[in-house]
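Just so it is clear, none of the values below were taken in a lab; they were calculated from the coordinates. What you are looking at is a predicted structure, and each value in this text was computed from that prediction instead of being measured. Methodologically, a virtual Cβ is constructed for each residue, glycine included, from the backbone with ideal geometry; neighbour enumeration extends over all protein chains shown.
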Amino acid sequence: MNHTCFTNFQSLGIGIGLRVPHYGHILSQRPTVDWFEIISENYMVEGGRPFEVLEQIMAQYQVVQHGVGLYPGSAQGLNRDHLRKLKKLVQRTKTPWISDHLCWGSVDGTYSHDLLPLPYTREMAAVCAENLRIAQDFLEIPFAVENVSSYAEFKDSTMTEWEFLAEIVERADCGILLDVNNIYVSSVNHGFNPLEYVENVPHERVAQMHIAGHSRYERFIIDTHDHPVIDPVWKLYARALELCGPTATLLEWDDKIPSFDEVHAEALKAGRYWRHNLEHQPVEAARVR
Amino acid sequence: MSAETNHPRLVALQREFMAALREPIYGGSRELTALPARAGAVSPAFTALADREIRSTPALDAHERLELYHRQYWYRLLDALDEDFPALRRILGETAFWRLIEAYLEHVPSRSYTLRHLGVGLPDFLQLNPGLAAGRPVAATELARLEYALCDSFEAPVRPPVPVAALATAELALQPYLRLFAFYTPADELWRGPAGPSAADDLLAMRDGGPAVHLAVFRHQARQHVQRLAPGSYAILQAIAETGSLAQALDSTAATTATATEVSAWFQSWTELGWLCEPETPVPSSTPAI
């Protein structure tokens, strides 16, 4: 069962990523959605339409910030200007917690716009933990770090990805955004058992989960977020819920985005696993929620 | 001690990885893009990085695994520029456009956390490299300026408009989402119109040697707009931006041939659109130092 300190003592249900093609539908139809996840970097702006839409969304819905550009795995440290802009947005959105990816993506001020892989070593874990500690302290809200999909492993790695993740979050004392689709994608690309990953992360630190679809090629999988969630990922999600308890869950759909109703229906499938989990968990645990 | 000196090997690894991503793409990776054909292969440094640092699996060798990141880097950046410069693509034609974009990305790396700013250096790059403009260097550069202004205007802030009654005495500025241009070519018509390079050439030939084209790019009611301005209107707005004073702006543009009725109509339009605003005042940061 997760500790609510990693969610700022808020319990959220099933959310959807706020995406531009759905702005019109959401603002005109006001669908019933537990919460929206926003990409922080899309709203770290001075004004304009993104802000205008966000103001309207925030008037009716809980918003949770998810970033793609902090890069806690940067060996040169965090970009302080980025962190300041992020804090400004945090103060505006009143997000209960904030998340970003366990990766790097820029060096010497040049940006890749990708979530790049890290060697799973003690030194790298120390760098990530230090960066996450700085971010969490500065932002003054709980930080959840997300496991990424990866396509390459480093020869220098001395631990599994889940050991690496566990060491970092313990050292930084932060939460986890457990992306079960990313676990599945990486398990196929690297040849590990995804259940072993799910069973060995520190479950009490899981603040949020992500589910998504991906694209399967002959020899690898790419995390494209452009398909429905596949059955093996739903099974992993069910197991993660068993171990972590009902956890705020977000369906990611970022490319070839279908109608809002289709995305919403896919997200609500997660509710089945929640209900099953609530019916089967110990009474004491159910009361905590 | 800085992270640089604390973790020199990790910093060096990330630098090498980034350098590998920024190499041009070739072969099968390139064939999946619109980039024109280009012979060659990745550098020995790319191959050495893969061999030294990355594990092979039965499905993919180390080089192929690094190549997955390499191609994703290029596909993402190519898509972003394609999305932001659709009219430039039309007037240059496919081959010239993609040759330009590839050269730009090779020489001007992204310096922003957001892809929205990726094209910020493209107009200047075109101006410095007229040979990449398919024989239309001025038109291509000006069109690139217009298209990037549309991206820039999308997220610029809004400041409180100055009430009409206060215009004569208040310190004035132009809204940050408003961009003014004096172009040699009809960039607005190129942006809206021609279906391809030859149609663009026809349009440019018709306008060759014509008067300067004054444009405003701005956001209104959550949409971006391009509007042509009369020379006098442009001159007054430009003077307001430079002096912050309506009286000085009108004095400095007294030579304009505009009539009082025209000037009055311009002001009415600007105030309706909220273009004249208060200047920016520095706000002390409420966030603590890091």
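Brief remarks follow.
- Cα shape, region A:63-103, gyration tensor, a/c 1.5 rule: oblate
- Highest-fluctuation residue, B:140, B:166, B:216 considered, GNM on chain B with Cα pairs under 10 Å: B:166
- Percentage relative contact order, region B:6-83, counting C-alpha pairs under 8 Å, at least six apart: 33 percent
- Shielding value for A:47-53 is 6, the average number of Cβ atoms from other chains within 10 Å of each residue's Cβ.
- On the basis of the beta-carbon distance and an R0 of 22 Å, residue A:239 and residue A:10 show a calculated FRET efficiency of 0.35.
- Cα gyration tensor shape of chain A, rounded if a/c is under 1.5, else prolate or oblate by comparing a/b with b/c: rounded
- Per-residue average of Cβ from other chains inside 10 Å of B:11-17: 6
- Zone residues, region A:182-220, relative to residue A:159, backbone N less than 14 Å from point 7 Å out along Cα-to-Cβ: A:200-202
- Average beta carbon contacts from partner chains per residue of A:147-156, 10 Å cutoff: 5
- Tail beyond 39 Å, pair distance distribution of the protein assembly as shown (Cα, percent): 36 percent
- The separation of region B:160-215 from region A:225-283, counted between C-alpha centres, amounts to 50 Å.
- A helix-only calculation puts chain A at -13000 deg cm²/dmol for mean residue ellipticity at 222 nm, using -39500 (n - 2.57) for each DSSP H run of at least four residues, averaged over all residues.
- Estimated distance in nm for a label pair at residue A:171 and residue A:30, the labels positioned 7 Å out from Cα along Cα-to-Cβ: 4.9 nm
- Added length on full extension, which subtracts the Cα-Cα distance from 0.36 nm per residue, residue B:199 to residue B:225: 7.1 nm
- Residues of region B:26-40 with amide N under 17 Å of the 7 Å Cα→Cβ point at residue B:79: B:29-35
- For region A:184-230, the list of trypsin sites (Lys or Arg not before Pro) that fall in a loop by DSSP and count at most 15 other C-beta atoms within 10 angstrom reads A:219.
- Restriction of the chymotrypsin sites (Phe, Trp or Tyr not before Pro) in region A:162-242 to DSSP coil positions whose beta-carbon has at most 12 other beta-carbons within 10 angstrom yields A:217.
- Helix-derived mean residue ellipticity, 222 nm - over chain B, DSSP H n ≥ 4, -39500 (n - 2.57), to 500: -16000 deg cm²/dmol
- Scaled radius of gyration (Cα, divided by 2.2 N^0.38 Å) that region B:6-83 gives: 1.18
- Under the combined filter of DSSP loop state and at most 15 neighbouring Cβ atoms within 10 Å, region A:140-207 retains these GluC sites (Glu not before Pro): A:140.
- Whole-Å semi-axes of chain B's equivalent ellipsoid (Cα gyration tensor): 45, 27, 14
- Of all DSSP beta bridges confined to the protein assembly as shown, the antiparallel ones make up roughly 40%.
- Gyration tensor (alpha-carbon) shape descriptor, region A:146-289, a/c threshold 1.5: oblate
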